[in-house]
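Trainee: I have a structure here, written as structure tokens, and I will follow up with some questions on it.
The values are calculated or read from the model by the stated rules, or taken from the named source; none is laboratory data. On a predicted model such as this, the values are computed, not experimentally measured, just so you know. Cβ: placed from backbone, ideal geometry, glycine included. Neighbour counts: every protein chain shown.
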Amino acid sequence: MSFGASLLTSDGTPSFDLSRDGYSFVEVVSATAGSSGSRSYPELAGWQVFATVVQDASTGSVFTDVASLTVVNVSVSYAAGYPAVSWSYGTSVGSPQPVALFIMAH
Amino acid sequence: MYILSDNGRFIASTSAKSYAFVGKATRTSISYTSEQAGVGRRYYYYLSGGKVTHTVSTIAASAGTAKLQFDGSCGSSTTFTWSLSDSSAIAVYEINSAYRPLVFVRSTANSSGAVASIVLVSGTLWRITVVLGYSARTYVDSVELYCFAPISDAPSGYGIALYGADGSVLMHTGKKLLQPAASVTVNSATTDGSTITVDYDASTSLSGVTKPCVLSVDWFRASVTHKASDLSRALLSSSTYGCYYSGCNVAKLVTQRVVSLGFYVSGGAVTFKAASVSTDAPIAQCSGGQAAGTSLYHSLVTTPLPVTLPVIDGAFYD
């Protein structure tokens, strides 16, 4: 940080670094097997949106959870002047599992 | 209201909740692949009516010996030596978080980790399943999981906070905010069945990151099927055992593997680290009319690529 304000946590370390961008939470979507959907965010016009996926497996077996992969096709568009995220199910390895979509913005 | 960075982009705003550091996940269990229940198995082959069938029973899961027993007209048994590789493990971590956490993994030159799933166990307790790859078991402890989640609690004591229109806390200075320092973009992944090739680009700003941790998300699984012909031939060789298996002269050993990934970042360079783990015990099968061989089948499933993975500097959150 070359100049600017510095805000500290209670232990005296910086809460954030002025030289780096932040990532904001938009929402986490739980996509069940076979589903598709979309979300629009007109309030985030001008922002860049990212979406990543993590398996939400809950078979009770960590080995089965590791073996399974459910692919979710995710796309982000700005055609309407604001970000919109859509998703659909693709292929699977093992039994189709629910998937959590992390939608973030910066 | 916005708090902007030096380059004019926002760090936090009143438009959305900020992601903040929750803590490092705690490892609660680890299962080395050489010690997975059911990996060591004993195979019994029975000759009946000119056909060979088999049953499988689980034995102690460690390298050693197992007995192959023939019944029927063969009436013999033999003992063979088997071993299991010890280069990967599945570990379970836990973290308390009001929201589903984003997990950044700190890998090293001798160990790597990849998140396979994140599941809510109860209340605010999340279970994170991680595939670990390592050169020696002493290195598994060096894998660290940095967890981030939207701010959910109110500030206490002092500091600055941002509130949304609905009165909810969006950011406060009691928390360290998620601020990626760099990124890795995965362009493609391919496999020929024995190796995984990943094409990726790393941000040039990685050189200034002292403790890089990469966001771990699911983006591919590779499954590989082997015909372990050498072992099969030895076990069912008619010349060795004096048996003739009509219509059933080849036994295949099928090993299914899943490969996940981690990234090791050091000195501004990114290295892809495959962390593979056997997820199915060898299965002996009897298949008529097939010649023994070393055929190998493989498949690779990925999420749509490219995908960009943020990188944080873990040192900022230690």
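Trainee: Quick check: anything in the stretch B:88-98 within 12 Å of chain A (Cβ to nearest Cβ), at pLDDT 90 or above and more than 19 Å from the chain's Cα centre (by Cα)?
Mentor: Scanning the stretch B:88-98 turns up at least one residue that is within 12 Å of chain A (Cβ to nearest Cβ), at pLDDT 90 or above and more than 19 Å from the chain's Cα centre (by Cα).
Trainee: A follow-up question, please. Being in a strand (DSSP E or B) and either more than 20 Å from the chain's Cα centre (by Cα) or modelled with pLDDT of 85 or more (or both) narrows it down to one residue among B:121, B:140; which is it?
Mentor: Numbers: B:140 fails: in a strand (DSSP E or B).
None of the other options fit; the residue is B:121.
Trainee: Of all residues in the stretch A:73-106, which are closer than 14 Å to residue B:218 by Cβ and out of contact with any Pro (no Cβ under 9 Å at 6 or more places or on another chain)? Can you show your working first?
Mentor: We begin by selecting, within the stretch A:73-106, every residue closer than 14 Å to residue B:218 by Cβ; these are A:73-74, A:87, A:89-94, A:96-102.
Once the filter is applied, which keeps residues that are closer than 14 Å to residue B:218 by Cβ and out of contact with any Pro (no Cβ under 9 Å at 6 or more places or on another chain), the stretch A:73-106 yields A:87, A:91, A:92, A:93, A:94, A:96, A:97, A:98, A:99, A:100, A:101, A:102.
Trainee: If I filter the stretch B:154-173 for residues that are surrounded by 23 or more Cβ atoms within 10 Å (Cβ to Cβ), more than 23 Å from residue A:12 (Cβ to Cβ) and touching a Ser or Thr at 6+ places or on another chain (Cβ under 7 Å), do I get at least one hit?
Mentor: no
Trainee: So, one more: Test of understanding: among B:140, B:130, which residue is surrounded by 15 or more Cβ atoms within 10 Å (Cβ to Cβ), under 19 Å from residue B:26 (Cα atoms) and away from every other protein chain (no Cβ under 13 Å)? Don't jump to the end; show me each part of the working.
Mentor: On the way: B:130 fails: away from every other protein chain (no Cβ under 13 Å).
Only one candidate passes the filter, namely B:140.
Trainee: A further question on this structure: Which of the residues spanning the stretch B:143-168 are assigned to a loop (DSSP other than H, G, I, E, B), at pLDDT 85 or above and away from chain A (no Cβ under 14 Å)?
Mentor: Residues of the stretch B:143-168 that are assigned to a loop (DSSP other than H, G, I, E, B), as a first pass: B:143, B:151-160, B:164-168.
Of the ones still in play, those that are also at pLDDT 85 or above are B:143, B:151.
Within the stretch B:143-168, B:143 is the sole residue that qualifies.
Trainee: Among the candidates B:158, B:134, B:163, B:139, which residue alone is of a type in the set (Phe, Trp, Tyr) and within 23 Å of residue A:27 (Cα to Cα)?
Mentor: Working: B:158 fails: within 23 Å of residue A:27 (Cα to Cα); B:134 fails: within 23 Å of residue A:27 (Cα to Cα); B:139 fails: within 23 Å of residue A:27 (Cα to Cα).
The match here is B:163.
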